[in-house]
Amino acid sequence: MTDFRIGEAAELLGVSADTVRRWVDSGRLPATRDEHGHRVISGPELAGFARSLGEAPEEGSETSSARNRLRGIVTAVVKDTVMAQVDIQAGPFRVVSLMSREAVDDLDLAVGSVAVAVIKSTTVVVEKGPPPGGVKGRVQQ
């Protein structure tokens, strides 16, 4: 089983280590101590917690079959006469959307606006490799 230290769990969840510590201290996220006395969260517990975070409905969202919602800040808007490109930074993720200029104008999207990228796709490619940023977890034997 893989265990994750507080900082590793924070990186995977896209929050600060202090936030994870508060969740652990409040009992919302179970943790144990490893042989060195560091608090660790088991992989299955972290996965279940991450899943519960994703199940919380987006405030003000309408009913939709799309389940992938990334809330972030608009970092760039490029418009021409018909089309527009909108860049959203959602935590560590950059999402780029191409849409009509009319849609951008109707939504009043501008740099600094809060926006939610709603993603629905029939194809999702999943790759497994070394995690970004050095998050490795600890394998218990």
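The values are calculated or read from the model by the stated rules, or taken from the named source; none is laboratory data. Quantities reported herein were computed from a predicted structural model and do not represent experimental measurements. Note that we place each Cβ from the backbone using ideal geometry, even for glycine, and neighbour counts take in every protein chain shown.
Residue check: is Arg101 at pLDDT 95 or above, in contact with a strand residue (DSSP E or B) (Cβ under 8 Å, 6 or more places away or on another chain) and basic (Lys, Arg)?
The answer is yes for Arg101.
Test Glu62 against the criterion of being exposed (fewer than 15 other Cβ atoms within 10 Å of the Cβ), at pLDDT 95 or above and not assigned by TED's automatic domain parsing to the domain that holds Ser16, and give yes or no.
Numbers: exposed (fewer than 15 other Cβ atoms within 10 Å of the Cβ): yes; at pLDDT 95 or above: no; not assigned by TED's automatic domain parsing to the domain that holds Ser16: yes.
For Glu62, the condition - exposed (fewer than 15 other Cβ atoms within 10 Å of the Cβ), at pLDDT 95 or above and not assigned by TED's automatic domain parsing to the domain that holds Ser16 - is not met.
Among the residues of region 80-127 satisfying the criterion of being acidic (Asp, Glu) and assigned to a helix (DSSP H, G or I), which is farthest from Gly14 (Cα to Cα)?
Taking region 80-127 first, the residues acidic (Asp, Glu) are 80, 87, 102, 105-106, 108, 127.
If we keep only those that are assigned to a helix (DSSP H, G or I) too, we end up with 102, 105-106.
Values: Glu102: 33, Asp105: 30, Asp106: 30 Å.
Once the filter is applied, the top-ranked residue is Glu102.
Would you call Gly112 among the small types (Gly, Ala, Ser) and modelled with pLDDT under 90? Working first, answer last.
Working: among the small types (Gly, Ala, Ser): yes; modelled with pLDDT under 90: no.
Considered against the rule, which asks whether it is among the small types (Gly, Ala, Ser) and modelled with pLDDT under 90, Gly112 comes out as no.
Which of the residues belonging to region 72-93 are loosely packed, with under 14 Cβ neighbours inside 10 Å and not hydroxyl-bearing (Ser, Thr, Tyr)?
Across region 72-93, the qualifying residues are Ile73, Ala76, Val78, Asp80, Val82, Gly91, Pro92, Phe93.
Select from region 1-31 the residues that are under 13 Å from Pro44 (Cβ atoms) and assigned to a strand (DSSP E or B) and list them in ascending order.
Scanning region 1-31 gives Thr2, Asp3, Phe4.
Out of the residues in region 126-141 that are exposed (fewer than 10 other Cβ atoms within 10 Å of the Cβ) and at pLDDT below 75, which is nearest to Val77 (Cα to Cα)? Reasoning before the result, please.
So in region 126-141, the residues exposed (fewer than 10 other Cβ atoms within 10 Å of the Cβ) come out as 126-130, 132, 134, 139, 141.
Filter once more, keeping what is at pLDDT below 75: 129-130, 132, 134, 139, 141.
Details: Gly129: 33, Pro130: 33, Pro132: 28, Gly134: 32, Val139: 44, Gln141: 50 Å.
Restricting to residues being exposed (fewer than 10 other Cβ atoms within 10 Å of the Cβ) and at pLDDT below 75, the top hit is Pro132.
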